[in-house]
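Single-structure report; data block below.
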Ligand code: UDP
């Protein structure tokens, strides 16, 4: 296959590119590098099966030659990033998705949309099943990301229903691993950065809010299976081990050997920060026979080793 990955120099996009290359496919990575980085793909630069195009996919996308799949992963994804780039975030979710769908249509390619647990907003149903329509404030600070991704799902389904395009939608829950930016502001790089500097971990609010963290390799396996499937409704991909941010800080301190403890930073919690989040992954298990296999402590050890080596 020859696949186009938008956001191909980003955290998830670059891991996805590696997996396709490892399986013998060809990859065209597109990225405007506002939150992605060339260091994530430099190991592939000499590979004749890999091509990088510096491009903002919110503008018309030109790719020469045959394409078998378009995987749309371009978007700022960390809350501080999308607060800093609210309009590019809305544009890449709306115009970028439209352009990526248009490319897939023109090439007769299969399309996979990277959607997000954020489409459930601050959920009133717990855990979140794919049938839950969500609780999103369109004008809240997180609305720029959440509504862009909700629109992206809507236009993807419209291309599927109207044009008969083969489409896949993954709703990605919190994911971590090597190649996250240490300064992207999300809780995993924040805590690991603080831990390796021997500083206390900054827990926002009272630390009772929950998340489930999956290691990036588990996600990539799920994405691979989803693309190969014939399933066009959205599929949650994430772990179901739900922990509070206070528990998470304790785990990071333990795994990293950091003795500086926890610092509660009430004022840094962003308005609309979901109080709970846990996927119902029954569909992924039934449709894709997918389950995550990497334990949080093991994934953290690998991620901490990466950050120690690169910083
Ligand atoms: N958080 C925290 N300390 C930090 C950064 C984030 O306690 O240094 C909290 C944040 O308030 C949220 C959770 O960790 O409740 C996950 O935040 P993240 O930015 O990783 O992504 P989200 O899951 O909210 O999209």
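Each value in this text was obtained by applying a stated rule to the coordinates, not by laboratory testing. Predicted, not measured: the structure shown is a model, and the values here were computed from it. Because the Cβ atoms are built from the backbone with ideal geometry, glycine has one as well, and the counts that use them run over all protein chains shown.
Among the residues that make up segment 86-103, is at least one of them in contact (Cβ under 8 Å) with a residue 40 or more places away in the chain, within 16 Å of the ligand (Cβ to nearest atom) and either surrounded by fewer than 20 Cβ atoms within 10 Å (Cβ to Cβ) or outside any helix (DSSP H, G or I) (or both)?
yes
Exactly one of (1) outside any helix (DSSP H, G or I); (2) over 17 Å from residue 156 (Cα atoms); (3) touching a residue at least 12 places away in the same chain (Cβ under 8 Å) is unmet by residue 125. Its number?
Of everything listed in (1) outside any helix (DSSP H, G or I); (2) over 17 Å from residue 156 (Cα atoms); (3) touching a residue at least 12 places away in the same chain (Cβ under 8 Å), residue 125 misses just condition (3).
With 195, 158, 106, 114 as the choices, which residue is surrounded by 23 or more Cβ atoms within 10 Å (Cβ to Cβ) and away from the ligand (no atom under 13 Å from the Cβ)? Spell out the reasoning first.
Working: 195 fails: away from the ligand (no atom under 13 Å from the Cβ); 158 fails: surrounded by 23 or more Cβ atoms within 10 Å (Cβ to Cβ); 106 fails: surrounded by 23 or more Cβ atoms within 10 Å (Cβ to Cβ).
Just a single option satisfies the conditions, and that option is 114.
Within segment 138-155, which residues are in contact with a helix residue (DSSP H, G or I) (Cβ under 8 Å, 6 or more places away or on another chain), in a helix (DSSP H, G or I) and more than 12 Å from the ligand (Cβ to nearest atom)?
Across segment 138-155, the qualifying residues are 144, 147, 148, 150, 151, 152, 153, 155.
State the number of residues belonging to segment 176-192 that are more than 10 Å from the ligand (Cβ to nearest atom) and in contact (Cβ under 8 Å) with a residue 60 or more places away in the chain. Show your work before the answer.
Going through segment 176-192, the residues more than 10 Å from the ligand (Cβ to nearest atom) turn out to be 177-179, 181-183, 192.
In the following step, the residues that additionally are in contact (Cβ under 8 Å) with a residue 60 or more places away in the chain were identified as 177-179, 181-182, 192.
Number satisfying all stated conditions: 6.
Do the conditions hold for residue 183, that is, is it in a loop (DSSP other than H, G, I, E, B) and under 30 Å from residue 305 (Cβ atoms)? Don't jump to the end; show me each part of the working.
On the way: in a loop (DSSP other than H, G, I, E, B): yes; under 30 Å from residue 305 (Cβ atoms): yes.
Spelling it out, residue 183 is indeed in a loop (DSSP other than H, G, I, E, B) and under 30 Å from residue 305 (Cβ atoms).
Filter the strands (runs of 3 or more DSSP E) completely within segment 221-311 down to those with at least 2 residues that are in contact with a helix residue (DSSP H, G or I) (Cβ under 6 Å, 6 or more places away or on another chain) and crowded, with 16+ Cβ neighbours inside 10 Å.
Working: elements: 235-237, 242-244, 262-265.
Filter on segment 221-311 gives 235-237.
Could you please find all residues in segment 198-225 being more than 11 Å from the ligand (Cβ to nearest atom) and under 15 Å from the mean Cα position of the chain (by Cα)?
Passing the criteria: 214, 215, 216, 217, 218, 219, 220, 221, 222, 223, 224.
Residue pairs, Cβ under 6 Å, 6 or more apart or interchain, first in segment 260-280 and closer than 23 Å to residue 141 by Cβ, second within 11 Å of the ligand (Cβ to nearest atom) and part of a helix (DSSP H, G or I). List them.
Listed pairs, sorted by first residue: 270/79; 277/117.
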